[in-house]
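One structure below.
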Amino acid sequence: MAAVRRLWTSRSEEVVEMDGWVDFIQKVSVLQWVLTFLFMGAFFTLLTIYLLFTSLWLLPTAYLLWMVLDWSTPERGSRQSDWVRKWQVWRHFKNYFPVKLVKTTELSPSKNYILGSHPHGIMCVGAFCCFSTGYGGFSEAFPGLRANLAILAGLFRLPIFREYLMSAGMCPVSKPSLEHLLSRRGQGNAVVIVTGGAAESLDSAPGINIVVMKQRKGFVRLALEYGADLVPVYSFGENELFKQVVFPEGSMARSLQTIFKKLIGFAPCLFMGQSWGLVPYKRPVTTVVGGPIPVPRRPSPPEEMVDHYHSLYMEALTKLFHEHKVSCGLSESHDLRII
């Protein structure tokens, strides 16, 4: 009996040890992504400059020449690598939170779509996992559709980092890039745009549901120009991943953040995670893909038409939020504020 008890105890300890190891691997997987997001671009830019003044100057020179020749590739559909998108690290990344994609309706591979992703949060965990890795579930949920996450165009000017971003299928959120995706690759394209951008990240904090939308109409105009249906997407739990010092509108600190955002392109958020300070809190992120809003093709849409479909989009996003907020962990009292 004592031997059996000892065996039972050792197996329990083994299970606990394995769970601890899995948790550690997941945290490291998320941490590497955060560090990459924050520092990879700056690191390789400084390294390239440094190597130009060493005996290894030929290496960065050759790469910079290649970069010049390859300058327009990000705006021509990028250079996606399924091998990178299916790295095991992304499976651990997804399971840490975990991230889940919810499909509410079918999207036809015979059409093109612009998916508006909300909210931005601090680092767009839901959008990145669902649309730029092989473990997000988008390909399985919508067979025949190709998803490309459109991000800050300036990031594709950073050496090495640009290659990493392109390998994940990300593209610049510039008009030439978006036009290429919607006009040069046939049908079955799902262009994902985090419409709130850096401005929205400044209001990202637990318990807050704010999206910056009222003056963001460029994606609607683009949808009309190319006849791409609009699809609202909301990632519940995105704002719960980090604690942030949110400065009130009109304050000196908020003004400085806004100026920095206009000059550099991204907002300097003062945020804090849990483990090691940078690992986000372990909160479920549920990315809900709503139904499509049919959009006619109008090469030069009048402003009234843009406003009309922009209103339809905001209504659809609000409806999507309220229909799924309770099942995705929010209380009935939570509301969506569109600014």
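Holding the Cα-Cα limit at 23 Å, pick out from LYS175/LYS262; LYS175/LYS261; LYS94/LYS325; LYS27/LYS319 the pairs that are longer than that.
LYS27/LYS319
For the range 84-186, the set of trypsin sites (Lys or Arg not before Pro) satisfying both a DSSP loop assignment and a count of at most 14 other C-beta atoms within 10 Å is given as LYS86, ARG184, ARG185. Per the Debye formula on identical point scatterers at the alpha carbon atoms of the range 144-283, with no solvent, log10 I(q)/I(0) at q = 0.11, 0.13, 0.20 Å⁻¹ is -0.50, -0.70, -1.38.
Measuring nothing but how far apart in sequence close Cα pairs (under 8 Å, 6+ apart) lie, relative to its length, the chain scores a relative contact order of 21 percent. Residues of the chain were split at every exposed loop site, defined as GluC sites (Glu not before Pro) in a DSSP loop with at most 15 other C-beta atoms within 10 angstrom, and the longest piece left, sites excluded, is 107-248. Rounded to the nearest 20, the size of the Cβ-charge dipole of the chain about its Cα centre is 400 debye, with Lys and Arg at +1 and Asp and Glu at -1. Antiparallel as a % of all DSSP beta bridges within the chain, to the nearest 5? Roughly 25 percent of the beta bridges in the chain run antiparallel, per DSSP. Rounded, prolate or oblate: which fits the range 75-133 when a ≥ b ≥ c are the square roots of the eigenvalues of the alpha-carbon gyration tensor, with rounded for a/c under 1.5 and prolate only if a/b beats b/c? Oblate shape, in that a/c is at least 1.5 and b/c is the bigger or equal ratio. Under a model in which nothing but the beta-carbon of Lys, Arg (+1) and Asp, Glu (-1) is charged, the range 253-310 shows a dipole of about 320 debye around its Cα centre.
Which shape class, rounded, prolate or oblate, goes with the range 10-130 when its Cα gyration tensor gives a ≥ b ≥ c as root eigenvalues, a/c under 1.5 marks rounded, and past that a/b bigger than b/c marks prolate? Verdict is oblate for the range 10-130.
Just want to confirm a number: the relative contact order over the range 47-197, from Cα pairs under 8 angstrom separated by 6+ residues, in percent.
Once divided by the residue count of the range 47-197, the mean separation gives 34 percent.
On full extension, the segment bounded by SER327 and SER174 gains 51.6 nm, given 0.36 nm per residue less the C-alpha separation. Working from label points 7 Å from Cα in the Cα-to-Cβ sense, the TRP276 to PHE24 distance is 1.2 nm.
In the range 229-282, taking the dipole from charged Cβ atoms about the Cα centre, the farthest positive-side position among ILE259, PRO232, GLN274 is held by ILE259. What chymotrypsin sites (Phe, Trp or Tyr not before Pro) in the range 26-105 are in a loop by DSSP, with at most 10 other Cβ atoms within 10 Å of the Cβ? When the chymotrypsin sites (Phe, Trp or Tyr not before Pro) of the range 26-105 are filtered for loop state and at most 10 Cβ neighbours within 10 Å, PHE53 remain. Relative to one another, the C-alpha centroids of the range 224-249 and the range 71-90 are positioned 23 Å apart. One chain, two ends: GLU304 and GLU140. Fully extended at 0.36 nm per residue, the span grows by 55.3 nm beyond their Cα-Cα distance. The alpha carbon gyration tensor of the range 132-191 gives principal lengths a ≥ b ≥ c with a/c of 1.5 or higher and a/b no greater than b/c, which makes the shape oblate. Once the 1.4 Å probe is applied to the protein heavy atoms, the chain comes out at 49 Å² accessible per residue. Compute the distance from the alpha-carbon center of the range 162-199 to that of the range 274-314, in whole Å. Centre-to-centre distance over Cα atoms comes out at 14 Å.
The values are calculated or read from the model by the stated rules, or taken from the named source; none is laboratory data. On a predicted model such as this, the values are computed, not experimentally measured, just so you know. Heads up, the Cβs are rebuilt from the backbone with ideal geometry, glycines too, and the neighbour counts pull from every protein chain shown. Heavy atoms of the whole protein, side chains included, go into the accessibility calculation; ligands, DNA and RNA do not. Shrake-Rupley method; radii C 1.70, N 1.55, O 1.52, S 1.80 Å.
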